[in-house]
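Below is one structure; the comments refer to it alone.
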Amino acid sequence: MNFKFSLQRILNLREQETQEAELKLEKTRNIIADLRKMVHQERDMYFDERDELNQNLKTGNLSSVKIYERSLLLRQERIIELLDNIRTYQADLEVLQQILIQSKRNQKILENLRDLKKKEFFDRETAKEQRMIDEIGSQKYIRAQINEKGEE
């Protein structure tokens with residue numbers, strides 16, 4: 001007889017929830033990594049433009065100062081926006097980590113219950129088989145006793 005866990009569907013759902021939580025977590029981590037790259041790129045461009053502005057100021061080229069100042073201001077705003085997005089995704093990441101932990105915990109509980117029920121099932125099956133073997137052995141012994149008495 002085969003073991004059938006009555007809560008297998010629920011366990012399957014828990015496993016699926018865990019996989020989905022892991023995927024969401026990984027996706028959020030990737031988004032954060034991309035945002036960080038974008039911040040570094042924006043920062044590098046900001047510093048390059050700032051250096052160009054300083055160079056223009058040193059050479060006396062004042063015609064492009066307003067353009068550089070506006071560009072630097074836009075880059076600062078973009079960096080601040082990216083950092084705000086990172087903070088938002090970091091908060092989401094923490095929530096997703098808690099969801100994943102709880103999902104794994106729920107899955108583990110059901111797996112432990114399944115293993116316990118499986119062990120109990122096989123213990124009962126082993127006990128049944130042992131009783132059958134004992135019964136067969138008893139019947140053989142009784143037959144052997146009867147045969148011995150009949151031969152006497």
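The values are calculated or read from the model by the stated rules, or taken from the named source; none is laboratory data. None of the values given here were measured: they were computed from a predicted structure. When we count neighbours, we look across all protein chains shown, and the Cβ atoms used for this are built from the backbone with ideal geometry, even at glycine. Each accessible area value is taken on the protein alone, full model and side chains, heavy atoms only, with ligands, DNA and RNA left out. Shrake-Rupley method; radii C 1.70, N 1.55, O 1.52, S 1.80 Å.
Please go through the range 19-53 and pick out each residue that is touching a helix residue (DSSP H, G or I) at 6+ places or on another chain (Cβ under 6 Å) and of a type in the set (Phe, Trp, Tyr).
46
Take the residues of the range 98-111 that are touching a residue at least 24 places away in the same chain (Cβ under 8 Å) and open to solvent by less than 90 Å² (accessible area, probe 1.4 Å): which is nearest to residue 26 (Cα to Cα)? Working first, answer last.
Quick first cut of the range 98-111, residues touching a residue at least 24 places away in the same chain (Cβ under 8 Å) only: 99-100, 103-104, 106-107, 110-111.
Then drop every residue that is not open to solvent by less than 90 Å² (accessible area, probe 1.4 Å), which leaves 99-100, 103, 106-107, 110-111.
On the way: 99: 13, 100: 11, 103: 15, 106: 20, 107: 19, 110: 25, 111: 24 Å.
Top of the filtered list is 100.
Of the conditions (1) of a type in the set (Lys, Arg); (2) surrounded by 13 or more Cβ atoms within 10 Å (Cβ to Cβ); (3) at pLDDT 95 or above, residue 37 satisfies every one except a single condition; which number is it?
Failed condition: (2).
Kindly indicate which of 86, 142 is out of contact with any Leu (no Cβ under 6 Å at 6 or more places or on another chain) and among the aliphatic types (A, V, I, L, M).
On the way: 86 fails: out of contact with any Leu (no Cβ under 6 Å at 6 or more places or on another chain).
Going through 86, 142 in turn, just one is out of contact with any Leu (no Cβ under 6 Å at 6 or more places or on another chain) and among the aliphatic types (A, V, I, L, M): 142.
Every residue in the range 86-97 that is among the charged types (D, E, K, R) and either modelled with pLDDT under 95 or surrounded by 13 or more Cβ atoms within 10 Å (Cβ to Cβ) (or both), please.
Keep residues of the range 86-97 that are among the charged types (D, E, K, R), which gives 87, 92, 94.
Result: 92, single match.
Hey, can you tell me all the residues within the range 112-143 that are free of Cβ contacts under 8 Å to residues at least 12 places away in the same chain and surrounded by 11 or more Cβ atoms within 10 Å (Cβ to Cβ)?
Passing the criteria: 115, 119, 120, 124, 128.
Counting just the residues of the range 6-15 that are in a helix (DSSP H, G or I) and open to solvent by 90 Å² or more (accessible area, probe 1.4 Å), which one comes out farthest from residue 82 (Cα to Cα)?
Looking at the filtered set, the residue picked out is 9.
How many residues are in contact with a Phe, Trp or Tyr (Cβ under 9 Å, 6 or more places away or on another chain), of a type in the set (D, E, K, R) and farther than 30 Å from residue 107 by Cβ if we restrict to the range 1-55?
3
For residues that are loosely packed, with under 15 Cβ neighbours inside 10 Å, in contact (Cβ under 8 Å) with a residue 24 or more places away in the chain and under 16 Å from residue 31 (Cα atoms), tally how many sit in the range 57-85.
Of the residues in the range 57-85, 1 are loosely packed, with under 15 Cβ neighbours inside 10 Å, in contact (Cβ under 8 Å) with a residue 24 or more places away in the chain and under 16 Å from residue 31 (Cα atoms).
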